[in-house]
Amino acid sequence: MTDTLLRRAAKILAAPPTTRTILPHVHGAISALLATSAGFNAEARIDPDDIDRACTWGGALHIIEHPDDSLTFTKAHREDCPFITSRGAQDCYFPHPANVERTPGR
């Protein structure tokens with residue numbers, strides 16, 4: 001039994017860490033997004049259901065870095081939208097995905 005526990009402990013300790021590194025610029029942008037949407041002393045907990053809904057509804061998340069070091073977080077554009085394909089350099093002329101009538105099941 002001791003050998004089994006030691007092997008399990010060694011396997012756990014040898015496993016690589018599961019955390020991912022976020023670039024400081026993106027970390028700062030997420031901080032600003034929380035602060036500007038919920039307050040500068042805000043706290044928000046996002047549970048797995050929130051993540052599932054965010055990934056299921058609306059457009060795909062795009063994070064666009066601009067030359068002035070600002071970032072745009074958007075789920076409001078189609079993949080072929082000029083705003084997305086030009087990385088924010090051109091305006092969008094497609095309707096917002098939420099305003100497009102869809103056939104059920106599509």
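Go through the stretch 65-73 residue by residue and turn each phi into a ³J(HN,Hα) via Karplus (6.51, -1.76, 1.60, θ = phi - 60°); whole Hz please, and just put x for glycine and proline.
Couplings: 8, 9, x, 8, 6, 7, 10, 10, 9 Hz.
DSSP loop (so not H, G, I, E, B), at most 11 other Cβ within 10 Å: list which chymotrypsin sites (Phe, Trp or Tyr not before Pro) in the stretch 1-86 pass both filters.
Hits after loop and neighbour filter: Phe40, Trp57.
Taking the simple approach of a point 7 Å from Cα along Cα-to-Cβ for both Asp68 and Ile22, what is their distance in nm?
With each label placed 7 Å out from Cα toward Cβ, I get 2.4 nm.
The numbers here are math on the coordinates, done by the rules we state, and not lab data. Keep in mind that this is a model prediction, so the values were computed, not measured. Every residue, glycine as well, gets a Cβ built from its backbone with ideal geometry; the counts of neighbours run over all protein chains shown.
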